[in-house]
Amino acid sequence: MTFMNILVTGGAGFIGSHTCVALLEAGHQVIVADNLSNSKAETIDKIKQITGYGVTFYRVDVTEEETVDNIFANHSIDGIIHFAGYKAVGESVEKPLAYYYNNIVSTMVLAKASKKYCVNRFVFSSSATVYGENEVPFVETLELLPTTNPYGETKAMSERILTDVSRANPELSVSLLRYFNPVGAHESGLIGEEPNGIPNNLMPYVTQVAKRKLDKLRVYGNDYPTVDGTGVRDYIHVMDLAEGHVAALNNLTEGVHIYNLGTGQGTSVLQLVVAFEQVNNIEVPYEIVDRRPGDIAECYADVSKAKRELNWTAKRGIAEMCRDAWRFENG
Ligand code: UFG
């Protein structure tokens, strides 16, 4: 295997930081570009603490073309993994322009730099949200349905932009990774998910209820056509997801490739709560409330393509996800 210099945008964030760990452990060198708008500089030190390897860190905004250009001029970059972006679904409805500007311009700036500096590998952080309300399991060949929010649209548009850029410039190989529901933390408990304010997502909400920072979980609806009426999602341990990026990078071939990164297993909200309580031996009080607008009943992946072409499958189960999320909350 050849070792590469990889530019990781958003490398101080939740999925980005775990991917830096996986890249360093696989022998690659990492350059992080992050404006720390939703992350902390100390995460960069924690990456070194975990792996024993340092990363080169630039505190920059990836929408700024000249600044980004400088990074490419200073390093011989072999590949880009682009995570940097806004990611709160509800906020994207309130601030559509901020989402479209930040998430689309950053993709275009990086695509342009990849051509100028002859960088031929591009891995993009997409989302299962691009499938919209489709039939489960979601398979990569499904026709994408409109998403219900600007955040989802920015993912679908960025996929489209990178696809067109690769068609026009076939030297650029692109991997579009559609994440399902990343949860958990590195097993050291040193890095994990640190949402600003009250969490929107289920697992960080559960950990904060368990920690008694929040009084109880609100379960959004128990009248969906699912196993127990609550929403079903494909939760994936963030370290499995991180390792999926290394596999995508190492197996990148000419053209544009789309992969679901999930476990292929659906878990309901109540199943996740029970698992968390059992694994961590702690109670998570909850109440059932109305459905959350925009939520779908079920979302889980067909993961056969990633297994076949990347030789990658998720190894960690719900118990490890609950254990590591709780360890990080207590860290
Ligand atoms: N849920 C609750 N209570 C909460 C939070 C969530 O019951 O306080 C439920 C939701 O209704 C849903 C499930 O838990 O059934 C998961 O909700 P999340 O908010 O954790 O995740 P979503 O599936 O809604 O969305 C996530 C990411 C998106 C991404 C999508 C991809 O937040 O960015 O997965 O499938 F696009």
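Each 10 Å bin, from zero up to the one with the longest distance, holds this percent of the alpha carbon pairs of the chain: 6, 27, 37, 23, 7, 1. When the charge dipole of segment 1-147 is built from unit charges on Cβ atoms (+1 for Lys and Arg, -1 for Asp and Glu) and taken about the Cα centre, the candidate among A84, N103, N74 whose Cα reaches farthest toward its positive end is N74.
Accessible area per residue for segment 55-157, computed on protein heavy atoms with a 1.4 Å probe, is 49 Å².
Using the Cα atoms as the points, what is the convex hull volume per residue of segment 243-331 in Å³?
On the way: hull volume 12.2 nm³, N = 89.
Looking at segment 243-331, the number lands at 137 Å³ per residue.
Each part reduced to its alpha carbon centroid, segment 256-301 and segment 6-24 end up 24 Å apart. A DSSP coil position with no more than 13 other Cβ atoms inside 10 Å describes the following GluC sites (Glu not before Pro) in segment 236-307: E254, E283. Computed over the alpha-carbon atoms, segment 175-331 gives an Rg to Rh ratio of 0.99, Rh here being the Kirkwood radius from the mean inverse distance.
Express in nm, to one decimal, how much length is gained between D223 and K116 on full extension, taking 0.36 nm for each residue of separation and deducting their alpha carbon distance. If you can, show how the numbers build up before the last one.
Working: separation 107, 0.36 × 107 = 38.52 nm, distance 5.26 nm.
Extra length from D223 to K116 when fully extended: 33.3 nm.
Note on the chain: with charges restricted to the Cβ of Lys and Arg (+1) and Asp and Glu (-1), its dipole about the Cα centre is near 420 debye.
Using DSSP to define loop residues, name the trypsin sites (Lys or Arg not before Pro) in segment 241-330 whose beta-carbon has at most 11 other beta-carbon atoms within 10 Å.
Details: sites: R291, K305, K307, R308, K315, R316, R323, R327; in loops: R291, K315, R316.
Filter output for segment 241-330: K315.
Could you tell me how far the Cα centroid of segment 87-112 sits from the Cα centroid of segment 184-205, in Å? When both Cα centres are located, 22 Å separates them. With the convex hull of its Cα atoms as the shape, segment 42-161 has an orientation-averaged projected area of 9.3 nm².
If you build the Cα gyration tensor of segment 155-194 and take the root of 5 times each eigenvalue, what three semi-axes come out, in whole angstrom, biggest first?
Working: eigenvalues 208, 28, 11 Å².
Calculated on Cα positions only, the semi-axes equal 32, 12, 7 Å.
Semi-axes of the equivalent ellipsoid for segment 1-95, please: Cα gyration tensor eigenvalues, times 5, square-rooted, ordered largest first, whole Å. Can you show the working numbers first?
On the way: eigenvalues 100, 55, 27 Å².
The equivalent ellipsoid of segment 1-95 has semi-axes of 22, 17, 12 Å.
Among the trypsin sites (Lys or Arg not before Pro) within segment 152-255, those in coil by DSSP and having at most 12 neighbouring Cβ atoms inside 10 Å are K211, R212, K213, K216. Surface composition of segment 210-254: carbon and sulfur make up 42 percent of the accessible area, probe 1.4 Å. Please enumerate, by chain and number, the aspartates and glutamates with C-alpha under 17 Å from the C-alpha of K48, excluding those fewer than 8 residues away in the same chain. Within the straight-line cut-off, K48 pairs with E25, D34, E187. Computed from the C-beta positions of E277 and N70, the FRET efficiency with R₀ = 45 Å rounds to 0.35.
Between the residues Y58, I161, P137, the greatest Cα displacement towards the positive end of the dipole of segment 36-182, with unit charges on the Cβ of Lys, Arg, Asp and Glu, is found for Y58. Distances between placed amide hydrogens fall under 5 Å for I236 paired with N181, V183, all partners being 5 or more residues away or on another chain.
The values are calculated or read from the model by the stated rules, or taken from the named source; none is laboratory data. Values in this document were obtained by computation on a predicted structure and should not be read as measured data. Quick reminder, even Gly has a Cβ in these numbers, built from the backbone with ideal geometry, and neighbours come from all protein chains shown. Just the protein is used for accessible areas: all its heavy atoms, side chains included, with ligands, DNA and RNA removed. Shrake-Rupley method; radii C 1.70, N 1.55, O 1.52, S 1.80 Å.
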